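Worksheet for the structure shown next.
Bear in mind that the values in this text are calculations on the coordinates, not laboratory data. Not measured: the values here are computed from a predicted model. Please note: Cβ atoms are built from the backbone with ideal geometry, for glycine as well, and neighbour counts cover all protein chains shown.
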Amino acid sequence: MLRSLGWLVRGLSALFWGLPVALIICAETARASWLKPLGMLPALFATGLLLYGLWQLGRFQKQERPWRNALDRAKLSGLVNFGLCPFLYWQNKVPQETFFNAALFVLVLSAIIFLFNLNVVLKQLGAMLPDETLRHETRHFTQLNRWLLVALLFCATAYVVVMNDPRLAGKLGDYFVFINRVSFWALIFFALLPLAMTMALIWKTKEVILDSVFGSRE
């Protein structure tokens, strides 16, 4: 039991640090130039760290079917992220390539779905742990996160469709640039909110597990 809890804690730690690392590295790979000498390796490492965390979680309570199903869905979207992250580097080198831009759009959608599935994983994990406060918090905040992510998914899709409509740019003129910037930063804010709450839930879950282990020893 202690060994499985150790795997669980390592997996939660990898997810906690992997989420912000993946966000920063993937954003810098797509937009900046100082990661170009490393190619696609930083993005592969960051998304691979998230897969490693899920793999560690998978060694806990293998007989629980809802837990296993939630993990499998998260792993699937994590594999999609891992497979598509090289397009961040390729699109940075050839930004005019339409196929690379479409792949980045799919990567963004997959990342939102991954975060959605990760919240389902945390909900199932909280239901298995013997802490009523944690169970209540994970059930409440994961449900809130999932609603926010569903809204973000629709808003991001609408943003891409509208911003790529040449007729709208012609009608709005200079206002189009302003609306584009405001909409982009609004999407970033509403993406960071569920990400921050997910990280807080991961940290809280890890602390509850560590307190239960060391508390039982005392």
| note | So the FRET efficiency between LEU192 and LYS62, C-beta based with R0 = 41 Å and rounded to 0.05, is 0.75
| query | Which loop-located GluC sites (Glu not before Pro) does the range 67-158 contain, where loop means any DSSP state but H, G, I, E or B and the Cβ has at most 14 other Cβ atoms within 10 Å? | reply | GLU97
| field | Extension gain (nm, one decimal) between LEU5 and ASN101, 0.36 nm per residue minus Cα-Cα | value | 30.4 nm
